[in-house]
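The values are calculated or read from the model by the stated rules, or taken from the named source; none is laboratory data. Predicted model, so just to flag it, every value in this text is computed and none were measured. Using ideal geometry, Cβ is built from the backbone for each residue, glycine included, and neighbour counts are taken over all protein chains shown.
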Amino acid sequence: MRSVTKLRIKRGSSGEASRYDVFEVPYEEGMSVLDALRWVRVHEDSTLAIRYSCINANACKTCVALVNGEVEYTCMVKLTPALITVEPLPKRHLIRDLVTDIVPDDENL
Amino acid sequence: MYAAIAAARAGATVLLVDKGQIGRGGATVMAQMTVAAALAEEEPDSAALHLEDTIKAGRGICNEELAGLVCAEGPKRIREMEEWGTRWAREGDRIKQAMAPGHSVKRCCYVDFLNTGPAVAATLRRKIAEFPKIRRISNLAVVEVLARDGRAMGAIALDLRNGQLLTIDARAVVLAAGGLTKLYARNSASANMGGEAYALALWAGAELVDMEFVQFFPIGHLAPRLVGMDPIMWDPFRYKLGGKLLNGQFEEFIDRYGSTDFGQYNATRDIAAYAILKEVEAGRGTQHGGAYLDFRHIRENDLRAAFGPVIDRLLANGIDLSRMPVEVGPMAHYHMGGIRVDMNMRTRIEGLYAAGEAVGGSNGANRLSGNAITEAFVFGERAGCAAADYAKVSGRDRDQKFAEANATQLDHFSGNSDDNGIAPIALQTELQKLMWELAGPFRTGEKLTAAQARITEIKNTQLRHLRFGSERQFNLDVQDGFELRVMVTAAEAVVHAALARTESRGAHQREDFPLTDYQLIKNQVLELRDGEVVCRWAQPVRLDRSQVEKPFEQ
């Protein structure tokens with residue numbers, strides 16, 4: 001069944017004031033928050049910075065963010081009709097939007 | 001990762017870069033399934049028998065030297081991985097090996113439950129960390145190999161964290177960036193593989209081979225929406241439990257297409273993919289354009305005994321196999337074609353090597369299930385050793401001016417945003433749809449010609465007018481733009497080769513040429529001339545079968 005939900009996303013780079021953008025996203029039963037974030041990049045705002053690799057499998061473990069205040073893999077949280085707030089991890093260094101520094105220290109330049 | 005380990009072990013200093021996070025993207029981490037090797041733990045087996053099965057699946061056009069290498073060295077690599085900590089499923093003192101389609105004996109080992117890829121990737125990540133000579137850098141996307149006069153000297157890479165292009169000096173370069181499944185709207189892959197290895201190799205002057213052969217996995221998951229699992233997870237279910245493949249009218253149908261199935265798992269991948277899409281075309285598909293896979297006849301206890309925690313993961317997705325079938329259908333899964341190399345993974349460009357799925361030829365027209373991870377290990381090990389040996393004897397060929405000139409040119413590409421242009425990711429989405437519809441599992445000359453026209457148009461016009469956001473940090477538009485550039489070249493290669501092969505063979509199915517042409521037991525070799533892809537025919541590389549080692553025969 002097709003429905004519409006709203007995603008409220010915290011935006012901005014480190015060292016600048018953050019803002020929240022709200023996007024309306026169509027979805028089918030079972031779709032994930034990551035599916036919605038990817039939909040936003042294709043259809044609404046390609047400049048949204050997110051991190052993911054495996055899309056479906058919960059194997060890459062890189063799509064982690066704060067969903068409604070909880071640390072979650074965004075691929076594992078299902079969409080509901082209620083507004084969903086997505087924010088970057090608060091305890092990691094912010095790079096931009098939902099991307100934080102989760103790479104091991106010795107893998108950075 | 002295997003190549004990095006092998007090179008470091010051979011004494012080289014290694015820079016391992018990944019556009020995502022090292023060891024967390026690509027195909028390996030997604031592979032929940034099995035690895036084929038003639039370990040002969042379950043029943044008598046040999047490299048020669050494994051090779052025979054591989055060549056049969058490849059429909060007569062495998063590079064038999066490469067395939068023989070995979071079969072002969074696979075067991076060594078599997079056992080080495082176990083020494084490094086991979087816990088292959090065991091029963092007592094022997095490694096469990098399962099039967100899989102196309103194999104004549106039980107040959108496929110795995111890590112329970114559906115955890116082969118993640119377990120293997122974790123082992124390699126841990127092993128890599130033991131080598132101080134391997135420097136890892138994540139979020140660094142290689143966008144071009146630096147090559148001049150037939151010799152590779154390094155690479156240019158995008159630092160995603162700050163948007164800068166960097167030049168990297170190297171005495172040898174190993175391309176291990178996987179396949180091109182991202183070219184297709186329906187695919188089972190992670191987000192990383194748009195054909196980078198192929199495009200980078202072509203641009204550097206290397207040759208590709210067999211680019212028309214994209215493997216479409218027949219029973220990828222279509223519906224209901226399932227997350228937390230690999231879309232091709234139903235394969236192991238079928239190994240262990242059978243399961244019935246039914247059309248939209250709940251009839252078994254594989255027997256209508258010259259094979260048998262009947263609750264077993266016998267049909268090869270190409271026949272199963274063909275049968276499902278033909279049923280859909282005849283109006284007998286399911287709602288999401290596939291077939292039903294039905295386990296309702298299997299007792300719940302048996303389901304749970306076979307897949308334990310996976311059953312709970314399915315229930316969390318609202319999928320109760322004892323009550324409902326799921327919808328499955330073909331999706332792009334693997335690429336048989338790739339970079340043309342010799343037994344030491346050398347391309348025709350000195351200092352440029354390939355490893356893993358990026359290598360073309362060993363699987364011919366259709367890959368035997370279980371051979372993908374095996375070749376990742378075997379080719380990786382070979383490439384790493386050969387590149388290290390070459391680096392020891394080759395002089396340093398640094399040319400900063402040449403490197404900077406190349407980087408400046410690339411900077412023009414990503415530095416010039418057209419505010420009225422299209423976002424690269426939107427164009428990627430269009431290209432994926434185009435490839436699925438016009439160059440997918442069933443092809444015709446007409447569809448392929450239309451695909452070629454649109455790809456040329458994207459290359460010549462829209463690729464020059466992309467809209468990039470202005471942010472410096474983690475600007476995915478820029479990464480998508482470089483990726484699109486690669487995808488266009490890879491798509492061009494696939495379509496070009498598919499048009500020229502006027503027959504149906506293995507994974508390449510032409511509706512206007514449905515028969516296999518015995519004049520075409522040949523491979524197509526591709527190269528760039530004046531920026532255009534050109535193809536030529538070549539005889540398959542044959543092997544004297546007596547040369548294949550049989551050290552693991554019981």
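The lone criterion from (1) exposed (fewer than 15 other Cβ atoms within 10 Å of the Cβ); (2) under 14 Å from B:Phe474 (Cβ atoms); (3) at the interface with chain B (Cβ under 7 Å from one of its Cβ atoms) left unmet by A:Glu28 is number (2).
Residues in the stretch B:500-525 that are in contact with an Asp or Glu (Cβ under 9 Å, 6 or more places away or on another chain) and either more than 16 Å from B:Ala365 (Cβ to Cβ) or of a type in the set (Lys, Arg) (or both): 4 in all.
In the stretch B:20-45, the residues that are without any contact (Cβ under 8 Å) to a residue 12 or more places away in the chain form no Cβ pair under 8 Å with any partner that is not in a loop (DSSP other than H, G, I, E, B), whether six or more places apart or across chains. Looking only at the stretch B:22-46, filter to residues that are facing another protein chain (nearest Cβ under 9 Å) and touching an Asp or Glu at 6+ places or on another chain (Cβ under 7 Å); which one of those is nearest to B:Asp93 (Cα to Cα)? The selected residue is B:Gln32. Of all residue pairs spaced 6 or more apart or on separate chains, those with beta-carbon atoms under 9 Å, a first member in the stretch B:412-436 that is within 10 Å of chain A (Cβ to nearest Cβ) and a second member that is part of a loop (DSSP other than H, G, I, E, B) and aromatic (Phe, Trp, Tyr) are B:Ala423/B:Phe468; B:Pro424/B:Phe468. Please enumerate the residues belonging to the stretch B:167-188 that are within 12 Å of chain A (Cβ to nearest Cβ) and within 22 Å of B:Ser394 (Cβ to Cβ). Result: B:Ile168, single match.
In the stretch B:135-159, the qualifying residues are those that are within 14 Å of chain A (Cβ to nearest Cβ) and touching a Ser or Thr at 6+ places or on another chain (Cβ under 9 Å), and the one that is nearest to B:Val378 (Cα to Cα) is B:Arg135. Contact map, the stretch A:87-107: residues that are on the phi > 0 side of the Ramachandran plot and within 8 Å of chain B (Cβ to nearest Cβ) paired with residues that are hydrophobic (A, V, I, L, M, F, W, C) and surrounded by 18 or more Cβ atoms within 10 Å (Cβ to Cβ), Cβ distance under 9 Å, separation 6+ or inter-chain. Pairs shown: A:Asp97/A:Ile9; A:Asp97/A:Leu48; A:Asp97/A:Ala49; A:Asp97/A:Ile50; A:Asp97/B:Phe474. Against the definition (within 23 Å of the chain's Cα centre (by Cα) and acidic (Asp, Glu)), how does B:Asp93 come out, yes or no? Answer is no for this residue. Taking the conditions (1) more than 13 Å from the chain's Cα centre (by Cα); (2) in a loop (DSSP other than H, G, I, E, B) in turn, A:Ala49 satisfies each one other than (1). Only residues that are among the basic types (Lys, Arg) and assigned to a loop (DSSP other than H, G, I, E, B) were counted across the stretch B:281-322, and they come to 3.
Of the candidates B:Ser188, B:Ser104, the single residue that is in contact (Cβ under 8 Å) with a residue 24 or more places away in the chain and in contact with a His (Cβ under 6 Å, 6 or more places away or on another chain) is B:Ser188. Working only within the stretch A:14-24, note down all residues that are at pLDDT 95 or above and within 14 Å of chain B (Cβ to nearest Cβ). Within the stretch A:14-24, A:Ser18, A:Arg19, A:Asp21 meet the criteria. Residues in the stretch B:439-491 that are in contact (Cβ under 8 Å) with a residue 40 or more places away in the chain, among the β-branched types (Val, Ile, Thr) and more than 24 Å from B:Ala201 (Cβ to Cβ): B:Thr444, B:Thr449. Note on the stretch B:94-134: residues that are within 10 Å of another protein chain (Cβ to nearest Cβ) and of a type in the set (Gly, Ala, Ser) total 3.
Among B:Ile55, B:Ile61, B:Ile78, which is touching a Ser or Thr at 6+ places or on another chain (Cβ under 9 Å) and not small (Gly, Ala, Ser)? Before the answer, list the steps.
Values: B:Ile55 fails: touching a Ser or Thr at 6+ places or on another chain (Cβ under 9 Å); B:Ile61 fails: touching a Ser or Thr at 6+ places or on another chain (Cβ under 9 Å).
Of the residues listed, the single one that is touching a Ser or Thr at 6+ places or on another chain (Cβ under 9 Å) and not small (Gly, Ala, Ser) is B:Ile78.
Hey, among the residues in the stretch B:455-473 that are surrounded by fewer than 16 Cβ atoms within 10 Å (Cβ to Cβ) and away from chain A (no Cβ under 14 Å), which one's nearest to B:Phe413 (Cα to Cα)? The qualifying residue nearest to B:Phe413 (Cα to Cα) is B:Arg464. Here B:Tyr239 passes the criteria (1) outside any helix (DSSP H, G or I); (2) among the aromatic types (Phe, Trp, Tyr); (3) under 23 Å from B:Gln215 (Cα atoms) except the one numbered (1). For the stretch B:391-404, the count of residues that are outside any helix (DSSP H, G or I) and surrounded by 24 or more Cβ atoms within 10 Å (Cβ to Cβ) is zero.
If I filter the stretch A:1-43 down to residues being assigned to a loop (DSSP other than H, G, I, E, B) and not hydroxyl-bearing (Ser, Thr, Tyr), which single residue comes out as farthest from the chain's Cα centre (by Cα)? Reasoning before the result, please.
Within the stretch A:1-43, the subset assigned to a loop (DSSP other than H, G, I, E, B) is A:1, A:12, A:14-18, A:29-31.
Applying the additional criterion that residues be not hydroxyl-bearing (Ser, Thr, Tyr) yields A:1, A:12, A:15-17, A:29-31.
Working: A:Met1: 23, A:Gly12: 13, A:Gly15: 20, A:Glu16: 19, A:Ala17: 19, A:Glu29: 19, A:Gly30: 17, A:Met31: 14 Å.
The extreme case among them is A:Met1.
Restricting attention to the stretch B:474-517 and to residues that are crowded, with 20+ Cβ neighbours inside 10 Å and over 26 Å from the mean Cα position of the chain (by Cα), the residue that is nearest to the other protein chains (Cβ to nearest Cβ) turns out to be B:Phe474. The lone criterion from (1) assigned to a loop (DSSP other than H, G, I, E, B); (2) surrounded by 23 or more Cβ atoms within 10 Å (Cβ to Cβ); (3) of a type outside the set (A, V, I, L, M); (4) under 14 Å from the mean Cα position of the chain (by Cα) left unmet by A:Cys60 is number (4).
Residues in the stretch B:169-218 that are over 20 Å from B:Asn344 (Cα atoms) and among the β-branched types (Val, Ile, Thr): B:Thr181, B:Val214.
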